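The values are calculated or read from the model by the stated rules, or taken from the named source; none is laboratory data. Everything quoted here is computed from the prediction, not taken from an experiment. Cβ sites come from the backbone with ideal geometry, for glycine too, and all protein chains shown count toward neighbours. The protein model used for the area step is the full one, side chains on, heavy atoms only, and it has no ligands, DNA or RNA in it. Shrake-Rupley method; radii C 1.70, N 1.55, O 1.52, S 1.80 Å.
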Amino acid sequence: MSKRVLIAGESWVTHSIHTKGFDSFTTTEYNEGVRWLKAALESGGWDVTFLPNHLAAREFPLTVAELAAYDVVMLSDIGANTLLLHPDTFVRSIPLPNRLVSIRDYVQGGGGLVMIGGYLTFQGIEAKGKWAGSPVEEALPVRLHHRDDRVESPQGVVPRVGDRSHPIVAGLDAEWPALLGFNEVEARPDAEVLVRVAGHPLVVAGSFGKGRSVAFTSDCGPHWAPPPFCDWAGYAPLWNQIAGWVSGR
């Protein structure tokens, strides 16, 4: 039986202005940061569908029934507005289902949700992620701050596992390679904080209705997750165990 996961986000376009004295020119580059996560999940037998930000705006499922085609939905470095404001609604004023409500109801009905940190998940840079107060926050095992929640840690901070018996962290090292930042959140009272970094929650697991959710408050790839973390032997097992637990497999 196939195991299906949908990853939304993890892409960006960089538009640069190069000024050389009197003259200037622009360059544009498209980038994706999903390859480490995608490869890790595929190595564990997951069928991965990836929707980069510019495609997620239109192609991310609208309804609970459409989301139910996936065992797990992962949101990584994608702002709430990208899913809230479908182009047909924003440009053409066509009413459509609220996808943030659909995600919440998908989890409540038995789906698995993972939110991965970055500059546009949780609250992110300048609080532009805008997940705080959204229907999706209701399904998460953490409460979000209504402010810029980044904790930049250029010196490197080491994640430390608490209860190593939990299926998500079973068999993994007690200490992981250093990260360079994370989003600050508050674990819900009934959630389990499995890993902390600099004293803050890094991996939090919880239930919502019939479903499960996990918050991973740092990146799944650069820049907050540098090569030593992405190349760590525990990287693929971690993501497969997260996906397996949150889906109930």
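Residue count for region 158-199, restricted to those that are surrounded by fewer than 16 Cβ atoms within 10 Å (Cβ to Cβ), in contact (Cβ under 8 Å) with a residue 60 or more places away in the chain and within 19 Å of V246 (Cα to Cα): 3.
Tallying residues that are under 20 Å from P222 (Cα atoms) and touching a Ser or Thr at 6+ places or on another chain (Cβ under 6 Å) within region 17-35 yields 2. Being at pLDDT 95 or above, assigned to a helix (DSSP H, G or I) and open to solvent by less than 50 Å² (accessible area, probe 1.4 Å) is the requirement here; does S153 meet it? It is false that S153 is at pLDDT 95 or above, assigned to a helix (DSSP H, G or I) and open to solvent by less than 50 Å² (accessible area, probe 1.4 Å).
Considering region 74-95, and only residues there that are in contact with a Gly (Cβ under 9 Å, 6 or more places away or on another chain) and in a loop (DSSP other than H, G, I, E, B), the residue that is surrounded by the fewest Cβ atoms within 10 Å (Cβ to Cβ) turns out to be G79. Name the single residue, out of those in region 200-228 being among the charged types (D, E, K, R) and closer than 15 Å to E138 by Cβ, that is least open to solvent (accessible area, probe 1.4 Å). Result: R212. Within region 96-127, the set of residues being more than 15 Å from Y70 (Cβ to Cβ), over 15 Å from the mean Cα position of the chain (by Cα) and assigned to a loop (DSSP other than H, G, I, E, B) comprises L96, P97, N98. Say we look at region 9-35 and pick out the residues that are among the hydrophobic types (A, V, I, L, M, F, W, C) and closer than 26 Å to T49 by Cα; which of these is surrounded by the most Cβ atoms within 10 Å (Cβ to Cβ)? Among them, the one singled out is V34.
Checked against (1) open to solvent by 10 Å² or more (accessible area, probe 1.4 Å); (2) under 25 Å from N240 (Cβ atoms), H145 passes all but condition (2).
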